[in-house]
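All remarks here apply to the structure that follows.
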Amino acid sequence: MTFYDDLISSGREHPDAVVRVEREPDRALVTLADPAKLNVLSAPLVQQLRQALEELTSDRAIRAIVLTGSDPGFSAGGDLRMMDDAPAVLASAEGATDIWRWIRYEFGGIARIIARSDTAFIAAINGPAAGVGLAWALTCDLAIASERARIVPAFGRLGLLPEVGTSWAITRRLGYQGAFAYYASGEQLDATRARELGLVHEVVPHEQLFEAADAWCSRIAALPAHALAMTKPLLRAAADGSWEATLAMEEFAEPQCFTTSVFQDTVREMLSVR
């Protein structure tokens, strides 16, 4: 059995819940719930989070998912104990490929669920967010921060690179030089500065964080289901595509919306008012 297999097995067999799911008819709140360890991304937490997100995103009734952490933090990032095993793993028959499996299939797997599903994801950053935990927050469709939030670029201090999509996210928000400065300085950003840089969309008092996230869930739930499901992948593709390619995607997608009853009924209602 490889190191990767051991991590999967230990994660699945863990007796305690370290991810909490609170579900309502059209939304869900998913909380990283290991506050004594600052919600570090242990094998059990990663396995439980992935299972929860897979189940929620397969439920068409769930329109939005809020991802947060148990106070006092969002997530301290990767498990240092797992990282400490890296030299032994590198000396094994699988070598670096076993670590690659964990990063791609587990850390990256969760990021892909967030990005590729038609469900809207809202990161509610309640405290320090670092490493892969920060990467997941930046992958969400919206990020809301409490006044206690801290954006922690811990990669350089550990001798690591921006990971799990972080380099993509920060270069698009900060530009190349801004992203380089963010990485090289290692400076923690408070919520206000993160908002100024465009890393989070909104900053609210700590006690109003979930109220603000829930308000976004209500806005999303008010949209026709097809509109959200079609717009999310369109906007994500447009972030990388050329103007011509984006225009073509819109041209192919828009006629489908004209066939829906919600569009036709709304047009008739507007015409009757006029």
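The values are calculated or read from the model by the stated rules, or taken from the named source; none is laboratory data. Keep in mind that what you see is a predicted model, and the values were worked out from it rather than measured. So basically every Cβ, Gly included, is an ideal-geometry build from the backbone, and we count neighbours across all protein chains shown. Side chains are part of the model used for accessible areas, which takes the heavy atoms of the whole protein and leaves out ligands, DNA and RNA. Shrake-Rupley method; radii C 1.70, N 1.55, O 1.52, S 1.80 Å.
Things to note:
- The 3J(HN,Hα) values that the Karplus relation (6.51, -1.76, 1.60; θ = phi - 60°) gives for the range 211-226 are, in residue order, 5, 5, 5, 5, 4, 5, 4, 5, 4, 5, 5, 6, 6, x, 4, 5 Hz. Gly and Pro appear as x.
- With R₀ fixed at 51 Å, the C-beta to C-beta distance from ARG112 to SER272 puts the FRET efficiency at about 0.70.
- Each of the peptides 17-26, 63-72 was scored by the mean count of other Cβ atoms within 10 Å over its residues; in descending order, highest first, they stand as 63-72, 17-26.
- Residue-wise HN-Hα couplings along the range 52-69, as the Karplus relation 6.51 cos²θ - 1.76 cosθ + 1.60 with θ = phi - 60° gives them from phi, are 5, 5, 4, 5, 5, 6, 7, 8, 5, 6, 7, 8, 8, 10, 9, 10, 8, x Hz; Gly and Pro carry x.
- Axis of helix 261-273 versus longest Cα principal axis of the chain: the two differ by about 40°, to the nearest ten degrees.
- Subtracting the Cα-Cα distance of TRP100 and ALA238 from their residue separation scaled by 0.36 nm leaves 46.8 nm.
- For VAL204, nonlocal amide neighbours, meaning residues 5 or more places apart or on other chains whose placed amide H falls under 5 Å from its own, are ALA145, SER146, GLU147.
- Whole-Hz Karplus values for the range 27-36 come out as 7, 8, 10, 10, 10, 6, 10, 9, x, 4 Hz, taken residue by residue from phi with 6.51 cos²θ - 1.76 cosθ + 1.60 and θ = phi - 60°; glycine and proline positions read x.
- Helix 166-185 axis, angle to the chain major axis (alpha carbon atoms, nearest 10°): 40
- Using just its DSSP H runs of length 4 or more, each adding -39500 (n - 2.57), the chain gives a mean residue ellipticity at 222 nm of -16000 deg cm²/dmol after division by all residues.
- Carbon plus sulfur fraction of accessible area for the chain, probe 1.4 Å, in percent: 56
- Summing charges over all other residues whose Cβ lies under 13 Å from the Cβ of SER218, with Lys and Arg as +1 and Asp and Glu as -1, gives -1.
- Radius 12 Å from Cβ of ILE114, net charge of other residues (Lys, Arg +1; Asp, Glu -1): +2
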